[in-house]
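The values are calculated or read from the model by the stated rules, or taken from the named source; none is laboratory data. None of these values were measured; they are calculated from a predicted model. Quick reminder, even Gly has a Cβ in these numbers, built from the backbone with ideal geometry, and neighbours come from all protein chains shown.
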Amino acid sequence: MTSDKAKKLWGGRFTAPTDEFVEQFTESVSYDKRLAHYDIAGSIAHVKMLAKTKIISKKECDEIIAGLKQIEEEIASNQFKWSTALEDVHMNIESVLVEHIGEVGKKLHTARSRNDQIATDIRLYLRDEIDDVVLKINEVMTALITLADEHYDTIMPGLTHMQSAQPITFGHHLLAWVEMLLRDRSRLADCRVRVNVSPLGSAALAGTTFSIDRNYVAKILGFDEVTQNSLDAVSDRDFIVEFLASASLIMMHLSRFSEEIVLWMSQANQFINLDDAWCTGSSIMPQKKNPDIPELVRGKTGRVYGNLLALLTIMKAQPLAYNRDNQEDKAGLFDAVDTVKMCLTVYAGLIPTITVRHESMLEAAEEGYTTATDLADYLVVQGLAFRDAHAVVGKVVQYAIKNNKLLSALSLSELQQYSELIKDDVFAVLKLEGSVSTRNHVGGTAPAQVKTQIARLKKQI
Ligand code: ARG
């Protein structure tokens, strides 16, 4: 990045040069150069429209496009000299264009402002990134479904309040995460509709005096529509807020998942193991194998939430139309995009390395009297009201705790002390396999349901 005393494109009415610190303070090129590809695509579409509407000649249009394509190559091969003094990606490219092709380059900015230009760049960039995030969500869902398929009937303890509640299948548990990611994906698709609208032609704030063809530019750039109010188009960033909110929800889900991975891997549970390649060690404790990767995903969630809150605050109370505050929208957006993509990449890679320790899961599910609800349901079938059945089973559990026995280890006569409705068919109900397989309805944990859901989800992805 050079800070040569480049002539400012807006310098006509100024007599003194910009203070050097002010140059540093106001520049955005150090990070908005990431938008260069979209800036050039937008400029090419714009000059094609200027030629079509005879605002510039076909020859001028061709010369400008050739110059822009050359610049695109220079940027791609790292030969382009970015200058802080030229402030942002737009003016860097325009200045070099004039250097390359001469006077005709000065016609590029006809009927346009950096205000509609930056709004266009961000929308084009974000549209691509949304598509990329969706692909990564699909990868994570596929990994989850594959593991769920392997473990459609693996029994584990289901928890509420972090206490053993009822036995569930591990496959069912994993598919819960797929449901969350499906909603995340549909939120992004919804957000994309509002991102994919062309602001070009709004110019600085009021539109332009030239007879432009906004729909033609929009069509070239693949936008579905054009914005309907120039003041709104150059100033609002609600579409970025929507993306950051969707990204925050993705991170919220990934952080919850991360927490479970950490818990499942702990010595206390020993439900799963991760491949060495996806764990890290301790510099002092030689025995350690730590789940730092899910912990980092959990931690990075804070950055994305922060970026959402930052943009909401940047936008709060901004009067119409464009204000320079808006330049602060980009750093947080880029950071959120990078973070979400990295964290999804983590889980697409990590999930396939999960190995399951069936016995630990089963043992934990046996403990904690997790079939107590099944016993109560059994009594209801025998004619007892549920609330009375609940009370009876409470007493049975009390007895089991006192005698240090599992529910399934109680004898028929022990059980019958609490209700003569209990017969010897009760033991099927007290077994974990019976408990899960009878929850066989849409949304239930039965292995048969897990299989049905997997078939549905595979079609949906
Ligand atoms: N760098 C600015 C931004 O990111 C460009 C937009 C127009 N700037 C201006 N001073 N009107 O928002």
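Summary of values
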item: Some residue of the range 125-147 being part of a helix (DSSP H, G or I), surrounded by fewer than 21 Cβ atoms within 10 Å (Cβ to Cβ) and within 16 Å of the ligand (Cβ to nearest atom); result: no
item: For Ala189: the one exception among (1) away from the ligand (no atom under 16 Å from the Cβ); (2) outside any helix (DSSP H, G or I); result: (2)
item: Residue within the range 243-253 that is modelled with pLDDT of 95 or more, surrounded by 18 or more Cβ atoms within 10 Å (Cβ to Cβ) and more than 15 Å from the chain's Cα centre (by Cα) present; result: no
item: Count of the range 293-319 residues which are buried (at least 18 other Cβ atoms within 10 Å of the Cβ) and either among the acidic types (Asp, Glu) or modelled with pLDDT under 95 (or both); result: 0
item: Single condition Asp121 does not satisfy, out of (1) in contact with a Gly (Cβ under 7 Å, 6 or more places away or on another chain); (2) farther than 22 Å from Phe223 by Cα; result: (2)
item: Members of the range 84-103 that are within 14 Å of the ligand (Cβ to nearest atom) and of a type in the set (Ser, Thr, Tyr); result: Thr84
item: First in the range 394-407 and within 9 Å of Tyr369 (Cα to Cα), second anywhere and acidic (Asp, Glu) and at pLDDT below 95, Cβ under 6 Å, 6 or more apart; result: Leu406/Glu366
item: Filtered residue count, the range 193-218, keeping only those that are part of a helix (DSSP H, G or I) and either closer than 16 Å to Ser248 by Cα or over 28 Å from the mean Cα position of the chain (by Cα) (or both); result: 4
item: Neighbours by Cβ (under 6 Å, 6+ apart or cross-chain): first from the range 101-125, within 19 Å of Ile64 (Cβ to Cβ); second within 8 Å of the ligand (Cβ to nearest atom) and of a type outside the set (S, T, N, Q); result: Ser113/Ala204; Arg114/His90; Gln117/His90
item: Some residue of the range 226-237 being closer than 29 Å to Glu295 by Cβ, surrounded by 15 or more Cβ atoms within 10 Å (Cβ to Cβ) and of a type in the set (Ser, Thr, Tyr); result: no
item: Helices (runs of 4 or more DSSP H) completely within the range 351-461 that count 3 or more residues being modelled with pLDDT of 95 or more and surrounded by 17 or more Cβ atoms within 10 Å (Cβ to Cβ); result: 358-366, 372-381, 386-402, 432-437, 447-460
item: Any hit, the range 39-51, residues being within 12 Å of the ligand (Cβ to nearest atom) and either more than 36 Å from the chain's Cα centre (by Cα) or buried (at least 20 other Cβ atoms within 10 Å of the Cβ) (or both); result: yes
item: Residues satisfying the stated conditions in the range 316-338, i.e. away from the ligand (no atom under 13 Å from the Cβ), touching a helix residue (DSSP H, G or I) at 6+ places or on another chain (Cβ under 9 Å) and in a helix (DSSP H, G or I); result: Asp335, Ala336, Val337
